[in-house]
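Read the structure below first, then the notes.
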Amino acid sequence: MRARLTLLALLAAGGLASAPAVRGEDVKIDGDTFGGIEARSIGPAAMSGRISALDAVAGDRLTIYAGSAGGGLWRSVDGGLVFKPVFDKYNQSIGAVTVDPANPKIVWVGTGETWVRNSVSIGTGVFKSTDGGDNWANVGLKDSERIAK
């Protein structure tokens, strides 16, 4: 009900409520005017969710890693149908992700997105996984703030 009232208020502010009468009758605006139209979410309230880094396992069409500017690192093992977070214990601002072409179990992550804006934080260095992203270790550059490659 609140969403309908908000929509009605917005439309009324735009001049619909003060529209001239139709065929001499007063225009009545109430909850029935717009039927089942309801407000819905069309995206996140804060800027984030941008994919800032992407890599996949060479020769394996199914394993993909996606680094988010403000939402951590995600892995898919089914060609991108489902992604699961694999970096939640660490810095959520990802600037780079690379899978070792010689050993797909080794994955490198550089933290700190380089496109500076109010929704990202600085990074905490380079991380390495030797088990395909299940466990991570910080291997250096802790004060670098942003790593893009």
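Counting only residues that are under 17 Å from Val139 (Cβ atoms) and part of a strand (DSSP E or B), how many does segment 66-96 have?
Number satisfying all stated conditions: 5.
Across segment 36-66, what is the total count of residues that are at pLDDT 85 or above and either open to solvent by less than 60 Å² (accessible area, probe 1.4 Å) or polar (S, T, N, Q) (or both)?
10
Search segment 100-139 for residues being free of Cβ contacts under 8 Å to residues at least 24 places away in the same chain and over 14 Å from Tyr90 (Cα atoms), and hand back the single one that is most open to solvent (accessible area, probe 1.4 Å).
Going through the qualifying residues, I end up with Ala102.
Any chance you could count how many residues in segment 67-89 are in contact with a Phe, Trp or Tyr (Cβ under 9 Å, 6 or more places away or on another chain) and surrounded by fewer than 19 Cβ atoms within 10 Å (Cβ to Cβ)?
Matching residues across segment 67-89 total 5.
The values are calculated or read from the model by the stated rules, or taken from the named source; none is laboratory data. Just so it is clear, the structure is predicted and the values come from calculations on it, not from any experiment. Using ideal geometry, Cβ is built from the backbone for each residue, glycine included, and neighbour counts are taken over all protein chains shown. The area values use the complete protein model at the heavy-atom level, side chains included, leaving out ligands, DNA and RNA. Shrake-Rupley method; radii C 1.70, N 1.55, O 1.52, S 1.80 Å.
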